[in-house]
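Visitor: Supplied in structure tokens, the structure appears directly below.
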There are 2 protein chains.
Amino acid sequence: MVKPTSIIRLNADDSDFTHHLAHLLRRESVSDDLINQRVLNIIKAVRECGDKALIDFTSQFDKLDVKSMSDLIILHERLELALMRITAPQRDALMIAAARVRSYHEKQKQNSWSYTEADGTILGQKVTPLDSAGLYVPGGKASYPSSVLMNAIPAKVAGVAEVIMVVPTPHGEINELMLAAACIAGVDRVFTIGGAQAIAAMAYGTESVPKVDKVVGPGNIYVTTAKRHVFGQVGIDMIAGPSEILVVCDGQTNPAWIVMDLFSQAEHDEDAQAILISPDAEFLDKVTAIINELLPTMDRAAIIEKSINDRSALILVRDIEQAIEVVNLIAPEHLELSITNPQTWLPHIRHAGAIFMGRHTSEALGDYCAGPNHVLPTSGTARFSSPLSVYDFQKRSSIIFCSPQGASELGKTASVLARGESLSAHARSAEYRILDLLDSNSKGTEI
Amino acid sequence: MVKPTSIIRLNADDSDFTHHLAHLLRRESVSDDLINQRVLNIIKAVRECGDKALIDFTSQFDKLDVKSMSDLIILHERLELALMRITAPQRDALMIAAARVRSYHEKQKQNSWSYTEADGTILGQKVTPLDSAGLYVPGGKASYPSSVLMNAIPAKVAGVAEVIMVVPTPHGEINELMLAAACIAGVDRVFTIGGAQAIAAMAYGTESVPKVDKVVGPGNIYVTTAKRHVFGQVGIDMIAGPSEILVVCDGQTNPAWIVMDLFSQAEHDEDAQAILISPDAEFLDKVTAIINELLPTMDRAAIIEKSINDRSALILVRDIEQAIEVVNLIAPEHLELSITNPQTWLPHIRHAGAIFMGRHTSEALGDYCAGPNHVLPTSGTARFSSPLSVYDFQKRSSIIFCSPQGASELGKTASVLARGESLSAHARSAEYRILDLLDSNSKGTEI
């Protein structure tokens, strides 16, 4: 009834392997002029008309009869009500997940530091939280309570005083689990707005929505495009692509476990990517058979099938060493090392968003409750970027406090370099503080 | 002869102060379609034609007769030669500055960490350097050796194996001090290319120029536009605006020192901004007088005059407390606290790129040799971003290594939350690892 999977098979020893791999990983960048223009118009309207624009856009896009901004504000009592309404197991699960995420992220908190040099000069780094952050949560089916925890908790651990959340409620549809998660994560204010208009509101502020310092959270193409446009006006987290998993398996894990791990990525989205690398060709055959066996039993079979057949692959390698080479080429968002003694190979892994080690650590555990963040660098950007973290909600100021003696000594060096760059005001500003020169320069004496 | 300065005077107690301040700080965002199109064409040409495109663009834009890529490569011997050619005081100054910058940035180096939970589950964070980084250095007059140190040293401290540098040499003009700085900072390879073509080469790679993981460094509008376009393909540092300084003075510092500190910012660029805040109106008068007195003596008088008259301001406040409120509104790139006991006020400063404390700490010392980085967040982005640092050249991977018992417990929580999000592959993947269920689920037994 269901067609056998046509998942791509590659062999890392083939001469054209890197060519095929590059093709597999290729992402066309989106730059749709029409979307850009629509988003720019929405941002302009929100900047000019504030709440009025939010009311109009929300009525139009979310098919709601909005009379005033008070219809678009969720009070804290409503979040508490949601926490009561969900089932006890759900409440417990959210609480456990939140506590573990908080505990892990507490370890990322950075403190200010300084040191004093021999001449009394103090150098240091002052760490402060952002004043405020705005969390975008997609509406409807993609409204994930776990994302609320993963985005809001690091902000709160960092010490961000005001965390606001926006979530569209198309046709009035609202997710109780998501509101309960917001309650547990300590979100301060919630607005039921979405799309580019919600991003614009948080970036520029309206009468009701406060302007925040940084906007985080996933969204559709309009949300992502709006984030690109407001970047600079506010900070943003990252521009995420489709999610991906790379599993390295030595062939000794139950193939059904591996198939379900691949499916857990594939079920997100037809564009999601699931790649399995193994030195065991027979194991890859078994996995293929089990893909065919399990696929019809899945709730999201159609999405999974498309992702597996169009975007995914099974790669045969000579050995684990070659597998790790391929890992470093791919720089995956999620990496599962379903192998014996995974810690032996850890030092050789240079690029990965999150590393799930051993046969028992499925990606799903990290998605929900292990502790580390599930917002991870996609599309190979793990080569240069990192999971969402407390660091993203803190910032640093350099501290320089020179003693008179220190300023005098540094001034001599600065003067030479400044004159070498033809920046004589820099040089003179430094020279004023050179103690030997103070007497000979009437302008340079402290009054 | 020279017209008296028309620098703006504001009073923080005036009812329309925030309006005037907003006007003063307003930056028009640049979005020139023509520049965008030119840059996109250049990027396309470099991607398609590689070295050939670099040779053509460099011949055309830098007015050079380039025959092959070897004309555009500076060998390490040439850097060493430059280090010999500069004067001994210049060499000493570069060495001192590099040592101090290195010493400060060493303190930023992050280490991997992990912890083990009671059931044997290991959680952690693995820190790795980027494989490679590319440093853009503007050519001609804006070619600052200090920027080479400030960009390359943090990368090398982070452990980046390959740091490449690009610098255009219009009409063949090359800066020995800059090459010497590259030698001292440990830059691995230098190419004499510039503009959008150099950014494209580093982002996509050519036959001769390696593809890097992150591009850093300042540049003109073409360079900046190209950086925006390649963001995602590679990491970028930041999109910097014109430089600014904010000086808070209690009126007890020699006004000539303060004027020269303002000038040192103003001499960069007609768009640079220098603001002085003081509770002492007479001091502001003195400063105005000394601006008029010193301006004609400055090498870059015309640039300084325009920056001071068009972009700068003197702000009268009631007291230092009100001054600090204005500081937090502005979120300056450079903040000088030229006041008694500046450390008393430090806890109240929420947003600033770098804080220069006390009467002796001129910004110029930080620009060259104090130790902290001189690449700082401009245009109020200190609200959410930080100085360039070792952190920018490291990345993190989350580590999750569950014991069978840990996976089993976490699996129960993950299952509830995944089903709450209708992601049943996630749920089943977690459930496979629940130990109680292993017997009742034939698929779930480890082979």
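Visitor: Could you please state, rounded to a whole Å, how far the C-alpha centre of region B:303-345 is from the C-alpha centre of region B:230-276?
Guide: 11 Å
Visitor: Could you give the size of the charge dipole of region A:169-245 about its Cα centre, using +1 on the Cβ of each K and R and -1 on the Cβ of each D and E, expressed in debye and rounded to the nearest 20?
Guide: Values: 5 positive and 7 negative charges, 53 e Å.
Charge dipole of region A:169-245: 260 debye, to the nearest 20.
Visitor: Determine the principal axes of the Cα atoms in chain A, then give the extent along each, sorted from largest to smallest and rounded to whole angstroms.
Guide: The principal-axis extents, from largest down, are 95, 62, 45 Å.
Visitor: For region B:334-447, max minus min Cα coordinate along each principal axis, in Å, sorted largest first?
Guide: Result for region B:334-447: principal-axis Cα extents of 75, 26, 25 Å.
Visitor: Turning to a different aspect of this structure: Counting residues in region B:196-246 as N, plug N into 2.2 N^0.38 Å and put the Cα Rg over that result. Walk me through the numbers before you get to the answer.
Guide: Numbers: Rg = 11.8 Å, N = 51, 2.2 N^0.38 = 9.8 Å.
Its radius of gyration relative to the 2.2 N^0.38 Å reference: 1.20.
Visitor: Hey, how much of the P(r) for region B:402-442 falls beyond 11 Å, as a percent of Cα pairs?
Guide: So the portion of pairs separated by more than 11 Å is 57 percent.
Visitor: Take every residue in peptide A:386-398, count the Cβ atoms of other chains within 10 Å of its Cβ, and give the average of those counts.
Guide: 6
Visitor: Taking a ≥ b ≥ c as the square roots of the Cα gyration tensor eigenvalues, with a/c under 1.5 meaning rounded and otherwise prolate when a/b beats b/c, else oblate, which class fits region B:305-401? Walk me through the numbers on the way to the answer.
Guide: Values: a/c = 1.90, a/b = 1.70, b/c = 1.11.
Judged from the Cα gyration tensor, region B:305-401 comes out prolate (a/c at least 1.5, a/b above b/c).
Visitor: Listing B:LEU437, B:LEU21, A:LEU423 from the residue with the fewest other Cβ atoms within 10 Å to the one with the most, what is the order? Spell out each step's value before the answer.
Guide: Values: B:LEU437 15, B:LEU21 18, A:LEU423 23.
Fewest-to-most ranking of B:LEU437, B:LEU21, A:LEU423: B:LEU437, B:LEU21, A:LEU423.
Visitor: Count, for each residue of A:348-356, the Cβ atoms from other chains sitting within 10 Å of its Cβ, then give me the mean as a whole number.
Guide: Working: counts 0, 4, 7, 6, 6, 4, 7, 7, 5.
What the average comes to for A:348-356 is 5.
Visitor: Do you know the relative contact order of chain A, to the nearest whole percent, from alpha carbon pairs under 8 angstrom that are 6+ apart? Intermediate values should be presented prior to the final figure.
Guide: Working: 847 pairs, mean separation 85.6, N = 447.
Reported as a whole number, the value is 19 percent.
Visitor: Per DSSP helix of 4 or more residues, -39500 (n - 2.57); summed, then divided by the residues of chain A. What does that give at 222 nm, rounded to the nearest 500? Display every interim value, and only then the final one.
Guide: Working: 18 runs with 197 residues, N = 447.
After summing the helix terms and dividing by residue count, I get -13500 deg cm²/dmol.
Visitor: Just the Cα atoms of the protein assembly as shown: what Rg and Dmax do they give in Å?
Guide: Final numbers for Rg and Dmax: 28.7, 96 Å.
Visitor: Also: Mind listing the label-point distances from A:MET95 to the same position on all other copies, shortest first, one decimal in nm, points 7 Å along Cα→Cβ?
Guide: Label point to label point, same position, other copies: 6.5 nm.
Visitor: Point me to the residue of chain A whose C-beta lies closest to the A-onto-B rotation axis, rounding the distance to whole angstrom.
Guide: Spelled out, residue of A and its Cβ distance from the axis onto B: A:TYR391, 4.
Visitor: To continue, here is another question. Calculate the mean, over all residues of peptide A:232-243, of how many other protein chain Cβ atoms lie within 10 angstrom of the residue's Cβ. Could you put the intermediate results ahead of the total?
Guide: Values: counts 11, 4, 3, 5, 1, 0, 1, 2, 0, 1, 0, 0.
Mean number of neighbouring Cβ atoms from other chains: 2.
Visitor: Same structure, new question: Nm distances between the label at B:LYS52 and the same-position labels in the remaining copies, 7 Å along Cα→Cβ, shortest first?
Guide: Listed shortest first, these distances are 5.7 nm.
Visitor: Sticking with this one: Are there trypsin sites (Lys or Arg not before Pro) in region B:11-87 that DSSP marks as loop and that have at most 15 other Cβ atoms within 10 Å, and which are they? Present the calculation step by step, with values, prior to reporting the outcome.
Guide: Working: sites: B:ARG26, B:ARG27, B:ARG38, B:LYS44, B:ARG47, B:LYS52, B:LYS63, B:LYS67, B:ARG78, B:ARG85; in loops: B:ARG26, B:ARG27, B:LYS63, B:LYS67.
Qualifying residues, ordered by number: B:ARG26, B:ARG27, B:LYS63, B:LYS67.
Visitor: While we're on this one: As an exercise, use a Förster radius of 60 Å and the Cβ-Cβ distance of A:ARG47 and B:ASP119 to find the FRET efficiency, rounded to the nearest 0.05. Don't skip to the end; give the middle numbers.
Guide: On the way: r = 52 Å, r/R0 = 0.87.
About 0.70, to the nearest 0.05.
Visitor: Give the calculated FRET efficiency between B:GLU207 and A:SER422 to the nearest 0.05, with a Förster radius of 45 Å applied to their Cβ-Cβ distance. Mind dumping the intermediate values first?
Guide: Details: r = 36 Å, r/R0 = 0.81.
It comes out at approximately 0.80.
Visitor: Report, in degrees rounded to the nearest 10, the 0 to 90 angle that the Cα long axis of helix A:255-266 makes with the longest principal axis of chain A.
Guide: Tilt relative to chain A: about 60 degrees.
Visitor: In whole Hz, what ³J(HN,Hα) sequence does region B:317-323 give by Karplus (6.51, -1.76, 1.60; θ = phi - 60°), x for Gly and Pro?
Guide: Working through the residues one at a time gives 10, 5, 7, 5, 4, 5, 4 Hz.
Visitor: Do me a favour and compute the ellipsoid semi-axes for region A:1-74 from its Cα gyration tensor, root of five times each eigenvalue, largest one first, whole Å.
Guide: On the way: eigenvalues 460, 74, 20 Å².
Working from the Cα gyration tensor, I get semi-axes of 48, 19, 10 Å.
Visitor: What is the magnitude of the charge dipole of chain A about its Cα centre, with +1 placed on the Cβ of each Lys and Arg, -1 on the Cβ of each Asp and Glu, and no other charges, expressed in debye to the nearest 20? It would help to have the intermediate numbers written out before the result.
Guide: Values: 40 positive and 54 negative charges, 212 e Å.
That gives a dipole near 1020 debye.
Visitor: For region A:38-163, what are the per-bin percents of Cα-Cα distances with bins 5 Å wide, up to the bin holding the maximum?
Guide: Percent of pairs per bin, in order: 2, 8, 11, 15, 16, 13, 11, 10, 6, 3, 3, 2, 1, 0.
Visitor: Taking the label point 7 Å from Cα in the Cβ direction, how far apart in nm is B:LEU81 from each other copy of itself, listed shortest first?
Guide: Counterpart label points of B:LEU81 in the remaining copies fall at 7.9 nm.
Visitor: Quick one: dipole size for region A:402-442, taken about the Cα centre, charges +1 on Lys/Arg Cβ and -1 on Asp/Glu Cβ, in debye to the nearest 20.
Guide: Using Cβ point charges on Lys, Arg, Asp and Glu, region A:402-442 gives about 100 debye.
Values in this text are rule-based calculations from the coordinates and carry no lab data. Every value quoted in this text rests on a predicted model; they were computed, and no experiment measured them. Note: ideal-geometry Cβ built from the backbone for every residue, glycine included; neighbour counts use all protein chains shown.
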